[in-house]
(Lines give C-alpha, C1' and ligand atoms only; values in the text may rest on other atoms or scores of the structure.)
Protein backbone atom coordinates (compact mmCIF):
# COMPACT_ATOMS: atom_id res chain seq x y z
CA UNK A 1 0.00 0.00 0.00
CA UNK A 2 1.45 3.36 -1.06
CA UNK A 3 2.03 6.13 1.46
CA UNK A 4 0.28 9.50 1.25
CA UNK A 5 3.05 11.35 -0.58
CA UNK A 6 3.14 8.61 -3.24
CA UNK A 7 -0.63 8.81 -3.59
CA UNK A 8 -0.48 12.60 -4.02
CA UNK A 9 1.84 12.20 -7.01
CA UNK A 10 -1.13 10.73 -8.93
CA UNK A 11 -3.43 13.66 -8.13
CA UNK A 12 -3.48 15.94 -11.21
CA UNK A 13 -2.89 19.22 -9.34
CA UNK A 14 0.11 17.82 -7.45
CA UNK A 15 1.66 15.53 -10.08
CA UNK A 16 4.38 18.02 -11.11
CA UNK A 17 5.73 18.50 -7.59
CA UNK A 18 8.94 16.79 -6.42
CA UNK A 19 8.80 14.20 -3.67
CA UNK A 20 10.07 16.53 -0.95
CA UNK A 21 7.22 18.96 -1.63
CA UNK A 22 4.66 16.14 -1.60
CA UNK A 23 5.96 15.09 1.80
CA UNK A 24 5.36 18.66 3.03
CA UNK A 25 1.79 18.52 1.74
CA UNK A 26 1.32 15.17 3.45
CA UNK A 27 2.24 16.81 6.76
CA UNK A 28 -0.27 19.68 6.46
CA UNK A 29 -3.19 17.43 5.54
CA UNK A 30 -5.17 14.78 7.35
CA UNK A 31 -7.19 11.69 6.40
CA UNK A 32 -10.79 10.91 7.22
CA UNK A 33 -13.04 7.97 6.36
CA UNK A 34 -16.71 8.18 5.40
CA UNK A 35 -19.24 5.36 5.17
CA UNK A 36 -21.42 4.64 2.15
CA UNK A 37 -24.27 7.21 1.83
CA UNK A 38 -22.67 9.52 4.41
CA UNK A 39 -22.85 13.23 3.58
CA UNK A 40 -19.39 14.77 3.27
CA UNK A 41 -20.34 18.33 2.36
CA UNK A 42 -23.69 20.13 2.30
CA UNK A 43 -24.78 22.69 -0.25
CA UNK A 44 -24.62 26.27 1.10
CA UNK A 45 -22.36 25.49 4.06
CA UNK A 46 -19.06 27.33 4.50
CA UNK A 47 -16.11 26.02 2.52
CA UNK A 48 -13.14 25.39 4.78
CA UNK A 49 -11.10 22.67 3.05
CA UNK A 50 -10.05 20.88 -0.13
CA UNK A 51 -10.79 17.15 -0.33
CA UNK A 52 -8.81 14.58 -2.33
CA UNK A 53 -10.19 11.06 -2.77
CA UNK A 54 -7.72 8.42 -1.55
CA UNK A 55 -10.14 5.55 -2.16
CA UNK A 56 -13.84 5.17 -2.86
CA UNK A 57 -16.33 7.16 -4.89
CA UNK A 58 -18.54 10.21 -4.29
CA UNK A 59 -21.39 11.94 -6.08
CA UNK A 60 -21.70 15.71 -6.37
CA UNK A 61 -25.36 16.70 -6.40
CA UNK A 62 -27.79 19.59 -6.09
CA UNK A 63 -31.49 19.68 -5.29
CA UNK A 64 -33.78 21.06 -7.99
CA UNK A 65 -36.63 23.47 -7.34
CA UNK A 66 -39.09 20.57 -7.23
CA UNK A 67 -36.99 18.70 -4.67
CA UNK A 68 -35.37 16.17 -6.98
CA UNK A 69 -31.71 15.24 -6.71
CA UNK A 70 -29.64 16.20 -9.74
CA UNK A 71 -26.23 14.51 -9.89
CA UNK A 72 -23.66 16.82 -11.45
CA UNK A 73 -20.78 14.38 -11.53
CA UNK A 74 -19.23 11.32 -9.93
CA UNK A 75 -15.66 11.47 -8.62
CA UNK A 76 -13.32 8.64 -7.69
CA UNK A 77 -9.73 7.94 -6.61
CA UNK A 78 -7.27 10.82 -7.23
CA UNK A 79 -10.08 13.32 -7.93
CA UNK A 80 -10.55 16.37 -5.73
CA UNK A 81 -13.44 18.63 -4.75
CA UNK A 82 -14.23 21.63 -2.60
CA UNK A 83 -11.92 23.99 -4.49
CA UNK A 84 -14.58 26.50 -5.60
CA UNK A 85 -15.56 27.63 -2.11
CA UNK A 86 -11.89 27.90 -1.18
CA UNK A 87 -11.07 30.11 -4.15
CA UNK A 88 -14.02 32.52 -4.01
CA UNK A 89 -14.82 32.40 -0.30
CA UNK A 90 -18.48 31.61 -0.99
CA UNK A 91 -20.54 28.73 0.41
CA UNK A 92 -20.53 25.22 -1.05
CA UNK A 93 -22.28 25.03 -4.42
CA UNK A 94 -23.34 21.38 -4.09
CA UNK A 95 -23.71 18.46 -1.72
CA UNK A 96 -21.17 15.63 -1.81
CA UNK A 97 -22.16 12.13 -0.70
CA UNK A 98 -20.08 8.96 -0.42
CA UNK A 99 -21.36 6.31 -2.87
CA UNK A 100 -19.26 3.65 -1.14
CA UNK A 101 -16.91 3.57 1.83
CA UNK A 102 -14.51 6.39 1.06
CA UNK A 103 -11.26 7.78 2.47
CA UNK A 104 -10.34 11.43 1.90
CA UNK A 105 -7.18 13.48 2.30
CA UNK A 106 -8.16 16.94 3.59
CA UNK A 107 -6.21 20.20 3.29
CA UNK A 108 -7.55 23.20 5.18
CA UNK A 109 -8.33 26.40 3.26
CA UNK A 110 -5.45 28.57 4.49
CA UNK A 111 -2.91 25.81 3.91
CA UNK A 112 -4.18 25.27 0.36
CA UNK A 113 -4.14 28.99 -0.46
CA UNK A 114 -0.56 29.18 0.83
CA UNK A 115 0.27 26.22 -1.39
CA UNK A 116 -1.12 28.02 -4.45
CA UNK A 117 0.88 31.16 -3.69
CA UNK A 118 4.17 29.31 -3.25
CA UNK A 119 3.76 26.74 -6.04
CA UNK A 120 2.60 28.31 -9.33
CA UNK A 121 2.66 24.87 -10.98
CA UNK A 122 -0.16 23.79 -8.66
CA UNK A 123 -2.15 26.91 -9.60
CA UNK A 124 -1.67 26.20 -13.32
CA UNK A 125 -2.67 22.54 -12.90
CA UNK A 126 -5.75 23.62 -10.92
CA UNK A 127 -6.77 26.00 -13.72
CA UNK A 128 -6.35 23.21 -16.26
CA UNK A 129 -8.53 20.84 -14.22
CA UNK A 130 -11.21 23.50 -13.69
CA UNK A 131 -11.23 24.25 -17.43
CA UNK A 132 -11.61 20.54 -18.17
CA UNK A 133 -14.57 20.34 -15.79
CA UNK A 134 -16.14 23.46 -17.30
CA UNK A 135 -15.94 21.98 -20.79
CA UNK A 136 -17.51 18.74 -19.56
CA UNK A 137 -20.29 20.74 -17.89
CA UNK A 138 -20.94 22.62 -21.15
CA UNK A 139 -21.28 19.32 -23.02
CA UNK A 140 -23.69 17.98 -20.42
CA UNK A 141 -25.81 21.15 -20.37
CA UNK A 142 -26.09 21.03 -24.15
CA UNK A 143 -27.08 17.37 -24.05
CA UNK A 144 -29.71 17.81 -21.36
CA UNK A 145 -31.27 20.79 -23.09
CA UNK A 146 -31.14 19.71 -26.74
CA UNK A 147 -30.98 15.91 -26.96
CA UNK A 148 -33.69 13.29 -26.70
CA UNK A 149 -33.74 10.65 -23.96
CA UNK A 150 -31.35 8.37 -25.85
CA UNK A 151 -28.89 11.22 -26.32
CA UNK A 152 -29.07 12.16 -22.64
CA UNK A 153 -28.33 8.61 -21.49
CA UNK A 154 -25.50 8.29 -24.02
CA UNK A 155 -23.99 11.54 -22.74
CA UNK A 156 -23.96 10.17 -19.19
CA UNK A 157 -22.27 6.95 -20.36
CA UNK A 158 -19.62 8.99 -22.20
CA UNK A 159 -19.08 11.12 -19.10
CA UNK A 160 -18.64 8.01 -16.96
CA UNK A 161 -16.32 6.53 -19.59
CA UNK A 162 -14.08 9.58 -19.25
CA UNK A 163 -14.28 9.60 -15.45
CA UNK A 164 -14.08 5.93 -14.43
CA UNK A 165 -13.88 3.87 -17.62
CA UNK A 166 -11.13 1.37 -18.42
CA UNK A 167 -10.17 1.39 -22.11
CA UNK A 168 -8.92 -1.83 -23.69
CA UNK A 169 -8.74 -2.69 -27.39
CA UNK A 170 -11.17 0.04 -28.36
CA UNK A 171 -13.72 -1.00 -25.74
CA UNK A 172 -14.54 0.81 -22.50
CA UNK A 173 -15.57 -1.05 -19.37
CA UNK A 174 -17.61 0.75 -16.72
CA UNK A 175 -17.49 -1.20 -13.46
CA UNK A 176 -19.48 -0.64 -10.27
CA UNK A 177 -21.85 1.74 -12.00
CA UNK A 178 -24.23 3.94 -10.01
CA UNK A 179 -27.68 2.42 -9.63
CA UNK A 180 -30.28 3.24 -12.26
CA UNK A 181 -31.90 5.95 -10.14
CA UNK A 182 -28.54 7.73 -9.80
CA UNK A 183 -28.00 7.39 -13.56
CA UNK A 184 -31.45 8.89 -14.06
CA UNK A 185 -30.54 11.78 -11.78
CA UNK A 186 -27.42 12.37 -13.85
CA UNK A 187 -29.32 12.29 -17.14
CA UNK A 188 -32.30 14.32 -15.99
CA UNK A 189 -34.71 11.52 -16.82
CA UNK A 190 -36.52 8.62 -15.14
CA UNK A 191 -35.21 5.27 -13.94
CA UNK A 192 -37.56 3.53 -16.40
CA UNK A 193 -36.08 5.55 -19.27
CA UNK A 194 -32.56 4.56 -18.20
CA UNK A 195 -33.50 0.86 -18.17
CA UNK A 196 -35.30 1.05 -21.51
CA UNK A 197 -32.51 3.00 -23.21
CA UNK A 198 -29.70 0.79 -21.94
CA UNK A 199 -31.49 -2.29 -23.24
CA UNK A 200 -32.07 -0.51 -26.57
CA UNK A 201 -28.33 0.19 -26.80
CA UNK A 202 -27.65 -3.48 -26.04
CA UNK A 203 -30.06 -4.61 -28.77
CA UNK A 204 -28.24 -2.36 -31.25
CA UNK A 205 -24.95 -4.02 -30.29
CA UNK A 206 -23.52 -0.79 -28.89
CA UNK A 207 -23.08 -2.01 -25.31
CA UNK A 208 -23.05 -5.17 -23.23
CA UNK A 209 -24.68 -5.24 -19.78
CA UNK A 210 -23.37 -7.51 -17.05
CA UNK A 211 -24.93 -6.72 -13.69
CA UNK A 212 -23.50 -3.40 -12.51
CA UNK A 213 -20.96 -3.42 -15.33
CA UNK A 214 -21.43 -2.02 -18.83
CA UNK A 215 -19.07 -2.47 -21.74
CA UNK A 216 -19.16 0.01 -24.63
CA UNK A 217 -18.26 -2.26 -27.55
CA UNK A 218 -16.78 0.36 -29.88
CA UNK A 219 -16.04 3.48 -27.88
CA UNK A 220 -15.07 5.68 -30.83
CA UNK A 221 -18.18 4.71 -32.78
CA UNK A 222 -20.39 5.34 -29.75
CA UNK A 223 -18.77 8.74 -29.19
CA UNK A 224 -19.21 9.64 -32.86
CA UNK A 225 -22.90 8.71 -32.73
CA UNK A 226 -23.77 10.62 -29.58
CA UNK A 227 -21.24 13.43 -29.03
Which one is modelled with the lowest pLDDT, of the residues in the stretch 206-227 that are under 18 Å from residue 149 (Cα atoms) and exposed (fewer than 13 other Cβ atoms within 10 Å of the Cβ)?
227
Given the conditions (1) within 20 Å of residue 60 (Cβ to Cβ); (2) at pLDDT 85 or above; (3) surrounded by 15 or more Cβ atoms within 10 Å (Cβ to Cβ); (4) in contact with a helix residue (DSSP H, G or I) (Cβ under 6 Å, 6 or more places away or on another chain), report the number of the one that residue 161 does not fulfil.
(4)
What residue, of 143, 154, is within 25 Å of residue 70 (Cα to Cα) and free of Cβ contacts under 8 Å to residues at least 60 places away in the same chain?
143
Collect the residues in the stretch 157-183 that are more than 16 Å from the chain's Cα centre (by Cα) and either in a helix (DSSP H, G or I) or at negative phi (or both), keeping them in residue-number order.
167, 168, 171, 172, 173, 180, 181
Look through 105, 80, 10 and report the one residue that is touching a residue at least 60 places away in the same chain (Cβ under 8 Å) and surrounded by fewer than 14 Cβ atoms within 10 Å (Cβ to Cβ).
10
Qualifying position, being surrounded by 16 or more Cβ atoms within 10 Å (Cβ to Cβ) and either under 17 Å from the mean Cα position of the chain (by Cα) or without any contact (Cβ under 8 Å) to a residue 60 or more places away in the chain (or both), among 89, 67, 56:
56
Does the stretch 29-50 include one or more residues that are farther than 29 Å from residue 185 by Cα, buried (at least 19 other Cβ atoms within 10 Å of the Cβ) and touching a strand residue (DSSP E or B) at 6+ places or on another chain (Cβ under 8 Å)?
yes
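Quick grid of which residues meet (1) under 17 Å from residue 61 (Cα atoms); (2) touching a helix residue (DSSP H, G or I) at 6+ places or on another chain (Cβ under 8 Å):
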position: 145; (1), (2): no, no
position: 167; (1), (2): no, yes
position: 180; (1), (2): yes, yes
position: 199; (1), (2): no, no
position: 208; (1), (2): no, yes
position: 225; (1), (2): no, yes
With criteria (1) under 30 Å from residue 200 (Cα atoms); (2) over 20 Å from the mean Cα position of the chain (by Cα); (3) surrounded by 13 or more Cβ atoms within 10 Å (Cβ to Cβ), residue 145 comes up short on (3)
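This table checks each residue for (1) under 21 Å from residue 57 (Cα atoms); (2) in contact with a helix residue (DSSP H, G or I) (Cβ under 9 Å, 6 or more places away or on another chain).
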{"site": "99", "(1), (2)": "yes, yes"}
{"site": "105", "(1), (2)": "yes, yes"}
{"site": "109", "(1), (2)": "no, yes"}
{"site": "133", "(1), (2)": "yes, no"}
{"site": "137", "(1), (2)": "yes, no"}
Which of (1) outside any helix (DSSP H, G or I); (2) more than 18 Å from residue 126 (Cβ to Cβ); (3) modelled with pLDDT under 90 does residue 5 not meet, given it meets every other one?
(1)
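The values are calculated or read from the model by the stated rules, or taken from the named source; none is laboratory data. This one's a predicted model, so the numbers in the text were calculated from it and none came from an experiment. Positions of Cβ are generated from backbone atoms using ideal geometry, with glycine treated the same way; all protein chains shown enter the neighbour counts.
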